[in-house]
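Here the structure is laid out as structure tokens; the discussion comes afterwards.
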Amino acid sequence: MTSEIPLLTERPLWQALVEHQAKLAHVQLRDLFAADPRRAEHFSLEAVGLFCDYSKHRLTAHTLGLLISLAEELALPQQIAAMFRGEKINTTEGRAVLHTALRAPRTDSLWLDGEDIIPPVHQVLDRMANFARRVREGEWLGYTGRRIKAVVNIGIGGSDLGPVMAYEALKAYSDRQIEFRFISNIDGTDFYETTRDLDPAETLFIISSKTFTTLETMTNAASARAWCLAQLGDPAAVRQHFVAVSTNRAEVTKFGIDTENQFGFWDWVGGRYSLDSAIGLATMIAIGPDHFQDMLQGFHAMDRHFLHAPLNRNLPALLGLIGFWYSSFWNCQTVAVLPYDQYLKRFPAYLQQLTMESNGKRVTKAGVPVNYETGPIFWGEPGTNGQHSFYQLLHQGTKLVPCDFIGFCDPINPRGDHHDLLMANCFAQTEALAFGKTPEEAQAEGIPAHLIPHRTFPGNRPSTTILAPKLTPETLGKLVALYEHLVFTQGVMWGINSFDQWGVELGKVLAMRIIPELKAPQEPTLHHDSSTNNLIRRYRQGRLG
Ligand code: F6P
């Protein structure tokens, strides 16, 4: 290495963490709790109304001290400030990373390349609010004069997962007179099943795409236009039934969508960070501009906390460091996200793009291959459903899977004792994972000797519990911003660029080469490897033959 910056793994603090982990590997959470009766208090934090317990983790105050020292050495606070200031920290694309500006109050200002970007953010929000109000109040009519009864968002990745997740999460706050649907997959089934019972005269399509060139979205958008015009006939109907959200005005216009019906955003908003830009239009129509504003305030509260709180009281930074601890020093490959709230059923899927597209990187910002693990695989399902499928592996399998439990004190749909039962399960799972059941305890319960190994729980399995008062738009904003900043923290620790996604490109390019080979009327000459050639031939035989 010619660089003067020491490799991460050569830093004394990294080495200290390696040695510390080796000692902690033999320590039981039971012992840590026994040694400190106030451990829960010492290892929990309330930030902007989210209470977070991280005491059931395999760490001590010394661990956090080492992690925080390393974060300081890697200039985490300065890098946070640089992001908020609008420095071009997305170095491979030469872009600033300013999703935090999307939720900044109207009174703020932030200068980027000679322009204050806050007024345009609020101009778009105002236009969105006006449009959302017109659709919700039945003022915006379809081509034949009928009220809009269904809003269909067409987008993929960040232009789909954010809107779907937020809509599902906040369904209780949504206008139930309007049906909200989402089409993302290029599989014609997604289009068919989503539109089959809709009436084009009462349907509004939002074509959401940062680039407005994404194959899946543009294919679905073209099908939507054809589907609409097949009934409405007149191409002028597009104006009433299609709006676009994009940074690419030229392509939107080419598609035939009126500039008046375009909602823009900017290249400093990454796709997976765009939920609170105009990409949230479907969400805003669903929950209304006021609730959307509440959500933005939640984001902003967490932003300010992340920017200003010292690292040892900084929730996203602490959770990011704990995740870094498990990935880099315990070789944990995955993180399970387990929301105990049915409305958050799409939250794990949303987090998958946020975390894995951001930190699924193998070289540092300087282009040097890393010699440590980076972003873990995120996955999960709402509790209690997951308990009856994969929790077995979490409790007794051979893998160490840190878990994030998310729950709320106050239910949105109180029904008998459902909520107490739900949350009892949530807390019980964290307890069982951490403390398990020893062979002695199993024996004392009268379990026959031959079953003791099967009915013993090793425990010592780590989890975070996030407990919030209630799932509201504001809380959702805080939760999403918490994970956004957790991802940022980890990216800084690993020295990677969390804001590009070159890894998605190769497959797209290869698909463009294969498309004409699948469609060609005559057997094409194929130049792929033997496996790909064979698959293409079999497909052609099966499809055309
Ligand atoms: O292919 C990955 C990706 O670029 C994501 O980063 C993005 O969210 C998604 O595709 C959709 O992109 P667009 O909004 O430009 O259609």
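FYI, it's all coordinate maths here, none of it is from the lab. Since the model is a prediction, treat every value here as computed from it, not as a measurement. Reconstructed Cβ throughout: ideal geometry from the backbone, glycine too, with neighbour counts over all protein chains shown.
Below are the figures for this structure:
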item	result
Segment ALA222-CYS409, length gained on full extension (0.36 nm per residue, minus Cα span)	62.8 nm
Among the listed pairs LYS23/LYS365; LYS210/LYS254; LYS345/LYS478; LYS88/LYS254, those beyond 20 Å (Cα-Cα)	LYS23/LYS365; LYS88/LYS254
Hydrodynamic radius of the chain per Kirkwood, over alpha carbon pairs, in Å	25.4
Under the Debye formula (equal points on every Cα, no solvent term), log10 I(q)/I(0) of the stretch 319-381 at q = 0.16 Å⁻¹	-0.56
Those GluC sites (Glu not before Pro) in the stretch 446-525 that DSSP places in a loop and that have at most 11 other beta carbons within 10 Å	none
Once the Cα gyration tensor of the stretch 113-161 is diagonalised, semi-axes √(5λ) in Å	28, 17, 8
Mean Cα-pair separation over length for the stretch 1-112, i.e. relative contact order, pairs under 8 Å, 6 or more apart, %	16
Cα-based helix-to-principal-axis angle, 118-136 vs the chain, degrees rounded to 10	70
Percent RCO, i.e. relative contact order, over the stretch 183-265, from Cα pairs under 8 Å lying at least 6 residues apart	30
Computed label-point distance, nm, for sites GLU19 and ALA34 using a 7 Å Cα→Cβ extension	2.7
Listed residue (PHE182, GLY323, PHE306) projecting farthest to the positive dipole end of the chain, Cβ model	PHE182
Cβ charges +1 (Lys, Arg) and -1 (Asp, Glu), total dipole of the stretch 3-87, debye	320
At R0 = 35 Å, FRET efficiency that the Cβ-Cβ distance of VAL27 and ASN534 yields, to 0.05	0.10
D (Stokes-Einstein, µm²/s), Kirkwood Cα radius, the stretch 254-370, 0.890 mPa s at 25 °C	140
For the stretch 1-125: span of alpha carbons on each principal axis (Å, largest first)	56, 47, 17
Label-point gap, in nm, between THR211 and GLU72 - each point 7 angstrom along Cα→Cβ	4.3
Given the chain, longest segment not containing exposed loop trypsin sites (Lys or Arg not before Pro) (DSSP; at most 13 other Cβ within 10 Å)	197-361
Label-to-label distance, nm, for residues given as PHE457 and ASP420 (7 Å Cα→Cβ offset)	2.1
Loop GluC sites (Glu not before Pro), the stretch 388-461, which have at most 12 other Cβ atoms in a 10 Å radius of their Cβ (DSSP)	GLU445
Theoretical ellipticity at 222 nm over the chain - DSSP helices of four or more residues, -39500 (n - 2.57) apiece, nearest 500	-13500 deg cm²/dmol
The stretch 199-297: GluC sites (Glu not before Pro) in DSSP loop, at most 12 other beta carbons within 10 Å	none
Helix axis angle, 12-24 relative to the chain longest principal axis, alpha carbon, degrees	60
Mean Cα-pair separation over length for the stretch 411-502, i.e. relative contact order, pairs under 8 Å, 6 or more apart, %	25
Per-residue HN-Hα couplings for the stretch 506-518 [Karplus 6.51, -1.76, 1.60; θ = phi - 60°; Hz; x = Gly/Pro]	4, x, 5, 5, 5, 4, 4, 6, 7, 3, x, 5, 6
Cβ-Cβ FRET estimate between GLN392 and SER109, R0 fixed at 35 Å, reported to 0.05	0.05
DSSP-defined antiparallel bridges as percent of all bridges, the chain, nearest 5	30
Net length gained if the chain between LEU510 and ALA81 were fully extended (0.36 nm per residue, minus Cα distance)	150.5 nm
Nearest 10 degrees, 0 to 90: helix 473-494 Cα axis against the chain principal axis	70
Förster-model FRET efficiency, 60 Å R0, ALA449 and LEU518, C-beta, rounded to 0.05	0.45
The chain - charge dipole about Cα centre, Lys and Arg +1 at Cβ, Asp and Glu -1, debye rounded to 20	820
